[in-house]
Amino acid sequence: MFTATGVNETDLKAKSRKVVRRAGKQVLLIAAQDKLFAIANRCPHEGYPLSEGTEGPGCVLTCNWHNWKFDLASGRALVGRDPVRTYPVEIRAGEIFVDLSDLPAEVQRKRALDGLVAAMRYNDAPRMAREVARLERAGFDASLALTHALGALNERLEFGTTHAHGAASDWLTLAERAPSDAERLAAMIEPLSHLAWDTVGARRYPYAEDVTSWNANGFLAAVEAENETAAIALLRGALRDGVSYSEIYAALGRAALAHYADFGHSAIYTRKTAQLIDHLGPDAALPVLLALVRSLVNGTREERLPEFRFYDKARAGWNGEGDLPARAEDFIGLSIDAALARALQSSRRPPRELYDALLGAAAWNLLHFDLSFDSATDKQIADNVSWLDFTHALTFANAARHICAEQPDLWPNALLQLALFVGRNKGYVSAQQDVGAFVIADRATFIAHHMAGLYDHGIVEPIIACHRLKMLFALEDELSAAPDAPWADVMCAAMNRYLNTPQKRHHGLRLATQAQDFIAREG
Ligand code: FES
């Protein structure tokens, strides 16, 4: 509906521009090259007044604050990113009328989602935030932005699922718990920023389009054979034929735990993918499952590395006859092979007992991480160890416990892989340090405090913030399942140390030293 502006056409042509306020909007009327234009006066970049801008040839207006340039007819940003809103103009008896009606919701939705994807291609976080806010203002749920982005950028993921997916469901939960609208939006934007970080500059890696009727064993064989095309075809068949998510998740969990895959990431991603689909609904299922299958197919089978090779023998030797009670103390300080052998001695014990023992040892390792390895510049690449080598024992355990709750026959795989974490990290701890200061008196307050800090974490790299988030949610979930677990105090203290110790994120000297060493031996 057109609204009178009270501005005469002749007057405007004489003055060239005028700002009017109607229906809560600031509208800039501009006469340029014998044409009249009406646009939003607030620059879509940071809101400064376009009425102060400079008009150039071809009906282009430059915002003088950061030099964005707008085509007055279409609103398109010729330099810069977001377009400016334009309004239809009519002249009635010499007076200028403008149509300030909101665009149809579907048009706003499409513009916001297109703008979001464009912003993500440049990893432009401020524009991502603006587009999600525009989507919400048009009446849509912000989670639609994530569903859309996961689909739009899925082919940019060369190896499928990343921690952007792995943390997304926890960010959504954090958003649900947000005490304010701004904090909710901040949490919603995190997985978008992370996905943008992981895909910026990437070329397309399309997924195969073949579709084959679902067959769980065939799917497992395809993943085992690292045949992405066949595995994807079976997944597409499962979704086409309405196979239940629980059946699909069962096969995915089995594939994830078939190996010590990507140091446990496959299990973590599998669990988190299921949670993400729960949050976002079936529209997100295809892209996130495609990405997950790709990551499972491409996952490194770490047990093929020399230090982990006893895993296969241990798995084959798991006969359910070992009846030795298990405690964390039994595993602390054991090598990889010794930890596997010790686990076999408890193969008949309830899985929960061995799980608590191994998780307790993993917590002790985290609490006693020797920080000299974090800062070292003179060690071999194999000794490039960081906090994340320790934190994944907890997030893996949490994911594996849920997978095994549905498929108990996978417990031996999960427990022996947890033993690999424990044994592997044993070489990077120091028992000779005072950790008493990290004891937590009030677990719930501790977790709530650190979760609240994530709305404004101030960390540049998404991967660091997302691990803090995932650790807190894993801890919360584990404590909820077993508040009296024997590892609870040690794990909370370990988490406290992890969250309150600065992490060295750039290793320039280490990089140079190891490069020189490598080249000298290259021959
Ligand atoms: S506010 Fe207009 S270009 Fe930045």
**OP:** Can you run down the residue pairs with Cβ atoms below 8 Å, 6 or more apart or on separate chains, where the first is in segment 386-397 and on the phi > 0 side of the Ramachandran plot and touching a residue at least 12 places away in the same chain (Cβ under 8 Å) and the partner is in a helix (DSSP H, G or I) and open to solvent by less than 10 Å² (accessible area, probe 1.4 Å)?
**Re:** none
Subject >> Set 335, 346: member being open to solvent by 10 Å² or more (accessible area, probe 1.4 Å) and of a type in the set (Gly, Ala, Ser) >> reply: 335
**OP:** Can you give me the number of residues within segment 18-31 that are within 16 Å of the ligand (Cβ to nearest atom) and either open to solvent by 20 Å² or more (accessible area, probe 1.4 Å) or β-branched (Val, Ile, Thr) (or both)?
**Re:** 3
Original post:
With respect to residue 195, is the statement that it is under 21 Å from the mean Cα position of the chain (by Cα) and under 15 Å from residue 288 (Cα atoms) true?
Top reply: yes
Original post:
Out of 47, 6, which single residue is loosely packed, with under 15 Cβ neighbours inside 10 Å, farther than 30 Å from residue 156 by Cβ, of a type outside the set (S, T, N, Q) and within 16 Å of the ligand (Cβ to nearest atom)?
Top reply: 47
**OP:** Tell me which residues, restricted to segment 1-19, are touching a residue at least 40 places away in the same chain (Cβ under 8 Å) and closer than 28 Å to residue 104 by Cβ.
**Re:** 1, 2, 3, 4, 5, 6, 7
Original post:
Are there any pairs, at least 6 apart or on different chains, whose C-beta atoms fall under 9 Å, with the first in segment 65-83 and under 20 Å from residue 125 (Cβ atoms) and within 12 Å of the ligand (Cβ to nearest atom) and the second hydroxyl-bearing (Ser, Thr, Tyr) and not in a loop (DSSP other than H, G, I, E, B), and if so, which?
Top reply: 68/62; 79/62
Original post:
If you go through segment 57-76, how many residues are open to solvent by 20 Å² or more (accessible area, probe 1.4 Å) and not in a loop (DSSP other than H, G, I, E, B)?
Top reply: 3
Original post:
Between residues in segment 217-235 that are in a helix (DSSP H, G or I) and residues that are among the acidic types (Asp, Glu) and surrounded by 15 or more Cβ atoms within 10 Å (Cβ to Cβ), which pairs lie under 9 Å by C-beta distance while being six or more apart or on different chains?
Top reply: 222/228
Original post:
Which of the following residues is surrounded by fewer than 18 Cβ atoms within 10 Å (Cβ to Cβ) and without any contact (Cβ under 8 Å) to a residue 12 or more places away in the chain: 434, 489, 477, 456?
Top reply: 434
**OP:** Among the candidates 102, 34, single out the residue that is more than 16 Å from the ligand (Cβ to nearest atom), within 16 Å of residue 2 (Cβ to Cβ), charged (D, E, K, R) and at pLDDT below 95.
**Re:** 102
**OP:** Starting from residues that are among the small types (Gly, Ala, Ser) and at pLDDT below 95, keep the ones in segment 50-64 and report whichever is nearest to the ligand (Cβ to nearest atom).
**Re:** 56
**OP:** Determine which member of the set 279, 259 is modelled with pLDDT of 95 or more and touching a strand residue (DSSP E or B) at 6+ places or on another chain (Cβ under 6 Å).
**Re:** 259
Original post:
Among 400, 382, 343, which is the only one that is closer than 15 Å to residue 425 by Cα and among the aliphatic types (A, V, I, L, M)?
Top reply: 382
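The values are calculated or read from the model by the stated rules, or taken from the named source; none is laboratory data. As the structure is a prediction and not an experimental result, all values here were calculated from the model. Reconstructed Cβ throughout: ideal geometry from the backbone, glycine too, with neighbour counts over all protein chains shown. Note: accessible area is taken over every heavy atom of the protein model, side chains too, but ligands, DNA and RNA are not part of it. Shrake-Rupley method; radii C 1.70, N 1.55, O 1.52, S 1.80 Å.
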